[in-house]
1. Under the condition of being of a type in the set (Gly, Ala, Ser) and not in a strand (DSSP E or B), which residue from region 102-120 is farthest from residue 130 (Cα to Cα)?
2. Report every pair of residues separated by at least 6 positions or lying on different chains whose Cβ atoms are under 7 Å apart, first residue within region 14-26 and modelled with pLDDT of 85 or more, second part of a loop (DSSP other than H, G, I, E, B).
3. Only one of 4, 74 is hydrophobic (A, V, I, L, M, F, W, C), surrounded by 15 or more Cβ atoms within 10 Å (Cβ to Cβ) and assigned to a helix (DSSP H, G or I); which?
4. Suppose we keep only residues that are closer than 19 Å to residue 174 by Cβ and among the β-branched types (Val, Ile, Thr) within region 109-149. Which one would you say is surrounded by the fewest Cβ atoms within 10 Å (Cβ to Cβ)?
5. Scan region 34-54 and tell me whether some residue there is under 21 Å from the mean Cα position of the chain (by Cα) and exposed (fewer than 14 other Cβ atoms within 10 Å of the Cβ).
6. Which of the following residues is of a type in the set (Asp, Glu) and under 27 Å from residue 87 (Cβ atoms): 164, 117?
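The values are calculated or read from the model by the stated rules, or taken from the named source; none is laboratory data. Quick caveat: nothing in here was measured; it's all calculated off a predicted structure. Cβ coordinates were reconstructed from backbone atoms using ideal geometry, including for glycine residues, and neighbour counts include every protein chain displayed.
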Amino acid sequence: MSIAELMQDAASRAVPGFEPFPKIARFRRSIIITEKLDGTNGQIYIDEDGNMYVGSRTRWITPGKSTDNYGFAAWAHENRDELLKLGPGRHFGEWWGQGIQRKYGMDRKVFSLFNVDRWSDDDVRPSCCSVVPVLYRGDFSTLEIDLALHMLDCDGSVAANGFDQPEGIVIFHPQARHSYKVTLDGDGHKGQVAA
């Protein structure tokens, strides 16, 4: 086959869509370390028309014995007017406390929002929500990560003051827009203990 025939043959075939290589974020930038709460993930989605949808980590949920997730949908619908103050968009957090995972010795359940930069101001945040506790905010540092874990291990939970079995931390890297978890139980490796 001649070069002209090869070029014509290649041109006649479907060309796959081009996918650019993603931009690489700089690793040594600021991070936010928060306490990792051991509950169940929750999502409040509010559309531009003010409709509210409630979700777990994997699906939309509604109040009801077989359609809810530890009562999160029922709680959200009871607090709808206050939750609408979150505004349009997806709002993720942890539904934790009484009867969920570690329980934290609590007699109630709490919804703690993950987006700590947006919801740190009590005047703006809906009164029915809290925010995951920030343990460190600053330049990336493995020392700060280790110190945050050590503090939780020695002093207990910040979110549930004095609870002596906190789960661990979440490290959010804003430039990469990624979160990473480190747990105190051997970090998910059976038979190993965190240093």
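1. 105
2. So the pair list comes out as 25/175; 25/176; 26/175.
3. Of the residues listed, the single one that is hydrophobic (A, V, I, L, M, F, W, C), surrounded by 15 or more Cβ atoms within 10 Å (Cβ to Cβ) and assigned to a helix (DSSP H, G or I) is 74.
4. The residue in question is 142.
5. Taking every residue of region 34-54 in turn, at least one turns out to be under 21 Å from the mean Cα position of the chain (by Cα) and exposed (fewer than 14 other Cβ atoms within 10 Å of the Cβ).
6. It is 117.
Every residue, every condition in (1) closer than 21 Å to residue 181 by Cβ; (2) touching a Gly at 6+ places or on another chain (Cβ under 7 Å), yes or no:
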position: 78; (1), (2): no, no
position: 89; (1), (2): no, no
position: 108; (1), (2): no, yes
position: 116; (1), (2): yes, no
position: 121; (1), (2): no, no
